[in-house]
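Undergrad: Sharing a structure below in structure tokens format, with a few things to ask.
Laboratory data are not the source of any read-out in this text; all were calculated from the coordinates shown. What you see is a predicted model, and the numbers here were worked out from it, not measured in a lab. Positions of Cβ are backbone-derived with ideal geometry, glycine not excepted, and every protein chain shown enters the neighbour counts.
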């Protein structure tokens, strides 16, 4: 439910597609660039986790808050992250539970956040409601804009 905090714009979702080396499901893997969490192996001092969802247009503080909040929930609720995915994660996503699929657009992501009791408990109703209002505005502004592609594609039809 925290995806919209990490992917806050319409453009954030253009890269979260299969085949783009970006995650499309909440999954993890070892040295796997197609999963949301990539465990990078190395020496004892250089092992780390790469969070692969956050695009360049995201607020790093919100990504950190969402990541820490999700981790805290996982620990407190003893959630099972499932087995690591190896190979092409896109080909294995059909076997994942529906709640592990990432929203494919900002509208769906903010609806997930809006209905999340966990998000409201972690971040408070005031923040969640304000954030949702700001992202709803973004979606509405995008929808009322006519693109060059639309003009070129449909001008002759009308």
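Undergrad: Between residue 50 and residue 144, what's the calculated FRET efficiency when r is the beta-carbon distance and R0 is 35 Å? Round to 0.05.
TA: After rounding to 0.05, the efficiency reads 0.45.
Undergrad: A further question follows. Set the Förster distance to 35 Å, then compute FRET efficiency between residue 132 and residue 64 from the Cβ-Cβ distance, nearest 0.05.
TA: Details: r = 20 Å, r/R0 = 0.56.
Efficiency, rounded to the nearest 0.05: 0.95.
Undergrad: Looking at the square roots a ≥ b ≥ c of the eigenvalues of the Cα gyration tensor of the chain, which shape do they give, rounded for a/c under 1.5, prolate if a/b is larger than b/c, or oblate?
TA: oblate
Undergrad: For segment 1-91, how big is Rg over Rh, using alpha carbon atoms and the Kirkwood form of Rh?
TA: Rounded to two decimals, Rg/Rh equals 0.96.
Undergrad: Okay, next question. Between helix 125-143 and the chain, what is the angle of the helix's C-alpha long axis to the longest principal axis, kept within 0 to 90° and rounded to the nearest 10?
TA: 40
Undergrad: Provide the FRET efficiency to the nearest 0.05 for the residue 86-residue 9 pair, computing r from the beta carbons and using R0 = 25 Å.
TA: Plugging the Cβ-Cβ distance into 1/(1 + (r/R0)^6) gives 0.20.
Undergrad: Sticking with this one: Can you tell me which of 150-158, 38-46, 60-68, 124-132 comes out highest on packing, and rank the rest after it, using the mean Cβ neighbours within 10 Å?
TA: Highest mean packing first, the order is 60-68, 124-132, 38-46, 150-158.
Undergrad: Suppose we keep just the DSSP beta bridges with both residues in the chain; what percent of those would be antiparallel, to 5? Write down the numbers at each step before the final one.
TA: Details: 5 of 8 bridges.
Around 60 percent antiparallel, to the nearest 5.
Undergrad: 222 nm [θ] for the chain, helices only, -39500 (n - 2.57) per DSSP H run of 4+, per residue, to 500?
TA: Mean residue ellipticity at 222 nm (helix-derived): -12000 deg cm²/dmol.
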